[in-house]
Amino acid sequence: MAEMEIDVRGQTCPIPLVECRKALKKASPGDLVIVKGTHPASRKEIPMACEAMGLKVLEIEDKEGGKEWEIKIRR
Amino acid sequence: MGDKDPEISRRGMKMGEKTVIILHSGDMDKVYSALIIANGALAMGMEASIYFTFWGLMRLKKGELDKGPLSKMNMLGLGRQMIKQRMNKANVASLERLMNDFKELGGKIIACEMTMEIMGLSKEELRTDWIDEWGAVGSYIQEARNANVTLFI
């Protein structure tokens, strides 16, 4: 099972969502996709998108005193 | 198209979840709205298509995607320049990038044939690499028939 990390720190709407979707498209079932970002709305919208697609969000972690976040998704 | 990862679709996506946008305006800010919404729909597991008509179709001319004026306060291009600078500063993606992402995620582009006739446009003048279908009102209705979200911009 592969691990894929995408860095969208500093990117704004809609890039974090779009890059996350592109990574999920490339990943194989079971792979771990880790998204690192700073855009506040995407922190809640990426999990919404995952839920809509039936994918499991394993962890949402805040970093750098809340300025950054990291979302782990099981494809 | 859009079915490279059927596993995702089968597990979560309800059949027929679709966003269909008519882009009638050629204004830069409205082209942004259309492409951002359409990309958002694809990113959230829906299908998406954009029907380019009238002034919107002008944006499919080669090299013209980001050449539209601002819908308000264009001030002979001065306001447009200012907004572009502010967009750069806010790290907003270019329209070219949004279009490429839209296509990569399986988005569909329909070009209005009547507009081509009115404006005297030939297919050679348009970005045919982006266009999936040439059509008229019937194509839009057929797309929108089973869509949950449809917008006129």
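The values are calculated or read from the model by the stated rules, or taken from the named source; none is laboratory data. Keep in mind the model is a prediction, meaning the values are calculated, not measured. With ideal geometry, Cβ positions are generated from the backbone for all residues, glycine too; neighbour counts draw on all protein chains shown.
Structure values in brief
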{"read-out": "B:Leu42 within 14 Å of chain A (Cβ to nearest Cβ), touching a Phe, Trp or Tyr at 6+ places or on another chain (Cβ under 8 Å) and either closer than 20 Å to B:Asp101 by Cα or modelled with pLDDT of 95 or more (or both)", "value": "yes"}
{"read-out": "Cβ-Cβ under 8 Å pairs, at least 6 apart or on other chains, the range A:49-75 side over 12 Å from A:Val35 (Cβ atoms), far side among the polar types (S, T, N, Q) and surrounded by 16 or more Cβ atoms within 10 Å (Cβ to Cβ)", "value": "A:Met53/B:Ser9; A:Lys67/A:Thr38"}
{"read-out": "Test set (1) more than 12 Å from chain A (Cβ to nearest Cβ); (2) of a type in the set (Val, Ile, Thr); (3) surrounded by fewer than 21 Cβ atoms within 10 Å (Cβ to Cβ) - B:Ile50 fails condition number", "value": "(3)"}
{"read-out": "Test result for A:Ser42, within 12 Å of chain B (Cβ to nearest Cβ) and either more than 22 Å from B:Leu35 (Cβ to Cβ) or assigned to a loop (DSSP other than H, G, I, E, B) (or both)", "value": "no"}
{"read-out": "Qualifying positions in the range A:20-36 - surrounded by fewer than 16 Cβ atoms within 10 Å (Cβ to Cβ), more than 9 Å from every other protein chain (Cβ to nearest Cβ) and not in a loop (DSSP other than H, G, I, E, B)", "value": "A:Leu32"}
{"read-out": "Scope the range B:118-142; condition in a helix (DSSP H, G or I), acidic (Asp, Glu) and either touching a residue at least 60 places away in the same chain (Cβ under 8 Å) or under 21 Å from B:Leu42 (Cα atoms) (or both); matching residues", "value": "B:Glu125"}
{"read-out": "Subset of the range A:64-75 that is surrounded by 12 or more Cβ atoms within 10 Å (Cβ to Cβ) and more than 10 Å from chain B (Cβ to nearest Cβ) - its residue that is nearest to the chain's Cα centre (by Cα)", "value": "A:Ile71"}
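Matching residues to (1) at pLDDT 95 or above; (2) in a loop (DSSP other than H, G, I, E, B); (3) more than 13 Å from the chain's Cα centre (by Cα):
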| position | (1), (2), (3) |
| --- | --- |
| B:Leu70 | yes, yes, yes |
| B:Ile109 | yes, no, no |
| B:Met116 | yes, no, yes |
| B:Asn146 | no, yes, yes |
